[in-house]
Structure formats: structure tokens, C-alpha cells
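Quick note: the coordinates plus some simple rules give every number you see, no bench work behind them. Model, not experiment: these values are computed from the prediction. Using ideal geometry, Cβ is built from the backbone for each residue, glycine included, and neighbour counts are taken over all protein chains shown.
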Amino acid sequence: MESLDDDARLMLRYRDGDSDAFLALYARHKAPLYRYLLRQVRNAGAAADIFQEVWSRLIATRLRYEARAKFATYLFHIAHNCAMDFFRRDLKMRRAARSDDAQAEPEVPEYQRPDVIAEFAEQQSALLAALGALPLEQREAFLLHEETGLTIEEIARITDVGLETAKSRLRYAIRKLKKSLIAAHAEDAEPRRTRDFKATRLNASA
Amino acid sequence: MHPPDDLEEYLRGGSALSRQYRRESAPQPMHALDRRVLKISRQAHGKSPYLAPLAFAASVLLSMAMVLAMVFGPQTVKRIDESPRLIHTAIRTDLPPRLYSSDPKRLRTPSAWLADIAALRRARRDREADAEYRRFRAAYPNRASGDQAIQP
């Protein structure tokens, strides 16, 4: 039998009524979970809502918890489901807004406001921008590995896909991110070269 | 075809991509969000985990009791109604007698009947006494009344 990880033991203690165990679990996992959600849904308001929902679900279902796998697998499986629910709701809202008559402006949540989205995009580095441009599944595979250190088998379990699919998603994500970063570095280097060339010409003419 | 070592190199850890990702800013949830989650946890912890099953069991029992009462209740009441009852009544001698049956012969003896008619006469309720006397005569045509005050 697989030995329990520390977090699974904490979760079992929490299930059995030790509220301090929850504090320890929360302190350990809140930052990776928040970053996973933030970079997955790419919106701070939505990420905060989903973050709260994930912990609420974990609290509500604590009595049914069984330590079958790593605790992170359990937590991020809930997070994956919550994020998927969010994307489905979001898609439904957008379809409804599109099908609505243009006269009545649909009520848009704060996290979908274009100015909020634009602000979020401006704060991103080249890597995060490239990450945001990845397809949802590839982005998720990368984020799960980076934020939790989970193996491909565990990522496959969380995202409810086969091992090969998870592997393929992560491979594509890595390749695309590398390419994007190389391109970004090349763009950064180009103006510098141009600047240097101009400076050399100026010096020569002087 | 992908280079075979691309993913493996990354999974071994310490790749340039991972290093760069780690250098990115590491946003944390706001304190307000922390407080909200911890409050939810405290509230859930305050509730006994056995309350919900207990409440459910109580609801089921109550529902079953109500269904049983609805199905079998009226029959039980009927059985009670059908059982013989003993009713005690007080006889008031200060009031003139009242007749409740369509067959007076079954209710009273002739002498009791005549006594009732006499009581009606004494109470000056002659019309009722006359009617009673006629009924008495119809029931007992050959019986002597014995008392002139009873006759109309």
C-alpha cells in the first residue's frame, strides 16, 4: 500500500475533527492553488471566486475523504472541476449574450470586463503571456506540473484523461512556451542591435 | 515528430523553462480571501457531523408515522365507535316527562304512562296531556285510567 504523504495525514486529522490540521493544509496549498487558478482562468476576480469554492467543497466533503492518493491530487481535482464549471458557465453566458438582442446590454461580471482583462494582460511577462496563449488543456498540464510537482500520471488523474493524452499536452505546452520565449528574446535583442548600430554610425561620423 | 528528450529533460526538473517560471512574480490570495475561507472552515467545524444524518432519520420517522396514521388511523377510530357504550343519564322528576319514541308501549308501563299524563295535567299543559291520553287510548283501548283528572 502507498504510504500516506504529510498532507493526506493532515487531511485525515481534519476529517476527524482537528481544525488546526486545516490551517496547516491551507497555509501549504493556498499559494500554488491560487496561482494555478489565476493563470488558468486569467482573471483575478474569477480566480478568487473559484479559489473560495474549491476550499468550500473540500470543507463540505471532508467526512468522505479517503487517503487513496496524494492530497494535492485530491485538492487539484476539485480545483480542476471548479475551473471547468467556470468555463462552462462563462461559455453559456457568452452564447446567451451573443444571441440576445443588441438593444439590451447583457450584465457582464467584473472579471469579464474588457478593461479588467486588458489590465491583467499588461501585467504579464513574456512567459506568462505565452502561457496564456496556450490552449486550456496544455496550459493546465504545465501549471499543474509547475505549481504542484505532480507527475504525468497524477496530472492525467486530475484532468480525467489517459496518460498519453496528458503527456502529449505537456509536451506541446513545453515546446510552444520554449518557442515563444526564443521569439521574445529575439525581439528584445533586435532593438538593441539597431541601437548599437546607430550609435556606431554616430561615433563614426563624429 | 517531437524530439524524444524534450519532455523528459523538462520532467527531470531544473529546466530553463521551469527556472524562468519560478522567477515570475508569485501572487498570493488576498487576506480578505484567506479570512473568508477560514471563516467557512470554522463554521463547518462548529457543526456536528452527526446532526445532518440525525435530522434526516428524524424526518423519515416522522413521515412514516404520518403515513401510517393516514392509512390506518380512521379504521382504528371506527372500531372504537362500534364498541358498545354505557351511557348514564339522570332522571329529573321535577319536569314533566318527554316522549322520545314512536312506540310508547315499549318505553313505559301503562301506569307510568298514566302518571306522566297526570303530571302534564297538573302542569296545566292540557293540550299535550290530551294528545298523550289519545295515544294512550290508542295503545290500550280497554285499560281503565282510574283517575278522572287524567281524562280530557
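Here the simple spin-label model places points 7 Å from the Cα toward Cβ, and for B:Met70 and B:Arg135 these points are separated by 5.0 nm. Look at A:His77, B:His31 and count the other Cβ atoms within 10 Å of each Cβ; fewest to most, that gives B:His31, A:His77. By the beta-carbon count within 10 Å of each Cβ, the least crowded to most crowded order of A:Lys179, A:Lys70, fewest first, is A:Lys179, A:Lys70.
Among A:Trp55, B:Trp113, the order by Cβ neighbours within 10 angstrom, fewest to most, reads B:Trp113, A:Trp55. In this structure, A:Ala129 and A:Ala27 have a Cβ-Cβ separation that, at R0 = 35 Å, corresponds to a calculated FRET efficiency of about 0.70. Modelled label positions at B:His31 and B:Ala44, each set 7 Å beyond Cα in the direction of Cβ, lie 2.5 nm from each other. For the peptides B:54-67, B:124-137, A:23-36, the ranking by mean Cβ contacts within 10 Å, running from highest to lowest, is A:23-36, B:124-137, B:54-67. With R₀ set to 56 Å, the beta-carbon distance separating B:Phe56 from B:Glu8 gives a calculated FRET efficiency near 0.60.
Distance between the modelled labels on B:Arg124 and A:Asp16, one decimal in nanometres: 10.0 nm (7 Å Cα→Cβ projection).
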